[in-house]
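Structure record follows, encoded as structure tokens.
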Amino acid sequence: MTDTSDPPAPREQRPDDASAADSSPPASASPGDRAAAVAAPSSATSGVAAGKGRLGPPPWLAGGFLAPALILLGLLVVYPILYTIWRSLYDADGETFVALDNYVAIFTDSATFQALKNNAIWVAVAPALITACGLIFAVLTERVRWAAAFKIIVFMPMAISMVAAGVIFTLVYDHAPERGVLNAIAVGVHDTFKSPSPYPGVRPREQGSPLRPDGSGGFSTTAQVRPGQSVALPLVALSPAKQRDLKAAKAAPAQPGAVTGTVWADFAPGGGKPNQIDANEKGLSKVKVEALQGGKVVATATTRDDGTFRIAVPDGAYTLRLAESNFTPPYNGVTWLGPNLVTPAIIGAYVWMWAGFAMVLIGAGLSAIPRDALEAARVDGATEWQVFRRVTIPLLAPVLVVVFVTLVINVLKIFDLVYIMAPGSSIQDAQVLALRMYLVSFVGESPDQGLGSAIAVVLFLLVLPAMIFNIRRFRSEQG
């Protein structure tokens, strides 16, 4: 049988095959010539690997471009650090070597140790509180329609400088209710549940008055009275503005079976006689008058608009007392920037500023969470709280750690907010390491830059672990 199939097509010769064929030694060549021919291509390849085909600039050119930045970094960072360490080993004048005495003073000097304790409070409270607020805000913004407006409002304080924020919150924390927002709210709530005293600061005359202080804030009669008598109880130190709203005082007539009298403001423009009701003198209304016998209150009465009162009591001797509640100073709120609350108050201002920063970063982390994981948890029957606690929080852990560590670094360096907000009477109770370093080094009659340098070194050592942790985390994420 004849084979009618087409003959196989000849193999197309590629250029590299030709070159390989040209370079291959003939069959008649000796074994030594064949080895030399095979070694020739490998020698050329090693030549390229040795640098003849290098991509990128040579090392000296890269070093030339980096040199200005390295010089600037050395002048602005490395040299100040080394000089500060060296300066911390000398005294205030920088002439006597004191070794580690300045570092010992940090923990023995009461003011510096107070600054160290305040820094510990800042680190323990502020970063955790800001991270928690940012997490709450970020979760809430995913569930409201006006999320964009809410984010703008919360993030807006980040556009304000620390100095401006300090000025704003100094007014917010002002002790006077007419200026301080918080105390205005506190006074309004307090006065809603407890009525203020009608005549704060009012008192009897120092000499010749029938009243004397009783030691509890009220005033008692110097002589005892009996039913059927009418007594005069004059008071002074009532403001003219308050007198304009009062009616004219009248003398109370004596009545059998009761003690009567008048409580009035014993002062009238143009003069008058002390302890006597003169024309244009005003009666004090709503004053609580108590009748005491044996040190116990047996009856009470409240003065009328003209200042008169009547207390019905059995026969006997009594002491009249104007109760303390008539003269208690008005409630003026809380001393937010006082020695006891100045650090929490400043931390509150710092949280107001940085909560938006935490919200934005955590919100970005939330948007990157795969929705399939959340929906799968809900399909499996998990409640929203369980989804948040067991799915959302673990997936957000890297972002939360970055936010927390960044805030720790910033909190350790806090200076300007404390310097602006803390008043002179509370500066010692509010100062932190950065502020203490400034005050010791540059303020006062005898600045001590040795101690200030030691505080700076301690502050640097406190910040360093957090910075190293952040750098390692960034490298691990990139790897």
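The values are calculated or read from the model by the stated rules, or taken from the named source; none is laboratory data. Everything numeric in this text was worked out from a predicted model, so none of it was measured. Glycine also receives a Cβ, built like all others from the backbone with ideal geometry; neighbour counts cover every protein chain displayed.
Overview of results
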{"item": "Any hit, region 313-332, residues being at pLDDT 90 or above and closer than 25 Å to Ala138 by Cα", "result": "no"}
{"item": "Spans of strands (runs of 3 or more DSSP E) in region 294-348 with at least 1 residues surrounded by 15 or more Cβ atoms within 10 Å (Cβ to Cβ) and of a type in the set (Val, Ile, Thr)", "result": "308-312, 319-322"}
{"item": "Cβ-Cβ under 7 Å pairs, at least 6 apart or on other chains, region 272-295 side assigned by TED's automatic domain parsing to the domain that holds Phe219, far side of a type in the set (Asp, Glu) and not in a strand (DSSP E or B)", "result": "Gly272/Asp278; Gly272/Glu281; Pro274/Asp266; Asn275/Asp266; Glu281/Asp266; Gly283/Asp305; Gly283/Asp306; Ser285/Asp305"}
{"item": "Scan of region 221-250 for residues that are under 19 Å from Lys286 (Cβ atoms) and of a type in the set (Gly, Ala, Ser), ordered by number", "result": "Ala232, Ala237, Ser239, Ala241, Ala248, Ala249"}
{"item": "Test set (1) modelled with pLDDT of 90 or more; (2) outside the structural domain of Val403 (by TED's automatic domain parsing) - Ala92 fails condition number", "result": "(1)"}
{"item": "Strands (runs of 3 or more DSSP E) wholly inside region 151-245 containing at least 3 residues that are of a type outside the set (Phe, Trp, Tyr) and surrounded by 17 or more Cβ atoms within 10 Å (Cβ to Cβ)", "result": "230-235"}
{"item": "Hey, Ser220 within 50 Å of the chain's Cα centre (by Cα), modelled with pLDDT of 90 or more and small (Gly, Ala, Ser) or not", "result": "yes"}
{"item": "Residue within region 357-379 that is closer than 30 Å to Ser426 by Cβ, touching a residue at least 12 places away in the same chain (Cβ under 8 Å) and buried (at least 18 other Cβ atoms within 10 Å of the Cβ) present", "result": "yes"}
{"item": "Selection count where residues are farther than 15 Å from Pro329 by Cα and touching a Gly at 6+ places or on another chain (Cβ under 8 Å), scope region 176-194", "result": "5"}
{"item": "Scan of region 423-479 for residues that are polar (S, T, N, Q), assigned to a helix (DSSP H, G or I) and loosely packed, with under 11 Cβ neighbours inside 10 Å, ordered by number", "result": "Ser476, Gln478"}
{"item": "Residue within region 443-450 that is small (Gly, Ala, Ser), over 29 Å from Ile168 (Cα atoms) and either more than 20 Å from the chain's Cα centre (by Cα) or at pLDDT 90 or above (or both) present", "result": "yes"}
{"item": "Contacts under 7 angstrom Cβ, first residue in region 305-322 being of a type in the set (S, T, N, Q), partner outside any strand (DSSP E or B) and surrounded by fewer than 17 Cβ atoms within 10 Å (Cβ to Cβ), 6 or more apart", "result": "Thr308/Lys250; Thr319/Gln224"}
{"item": "Lone unmet requirement of (1) assigned to a helix (DSSP H, G or I); (2) surrounded by fewer than 14 Cβ atoms within 10 Å (Cβ to Cβ) for Pro57", "result": "(1)"}
{"item": "Selection within region 73-88 - touching a residue at least 40 places away in the same chain (Cβ under 8 Å) and of a type outside the set (S, T, N, Q)", "result": "Ile81, Ile85, Arg87"}
{"item": "Test result for Leu395, assigned to a helix (DSSP H, G or I), at pLDDT 90 or above and surrounded by fewer than 18 Cβ atoms within 10 Å (Cβ to Cβ)", "result": "yes"}
{"item": "Close pairs from region 135-158: first free of Cβ contacts under 8 Å to residues at least 12 places away in the same chain, partner in a helix (DSSP H, G or I) and not aromatic (Phe, Trp, Tyr), Cβ under 7 Å, at least 6 apart", "result": "Ala147/Thr141"}
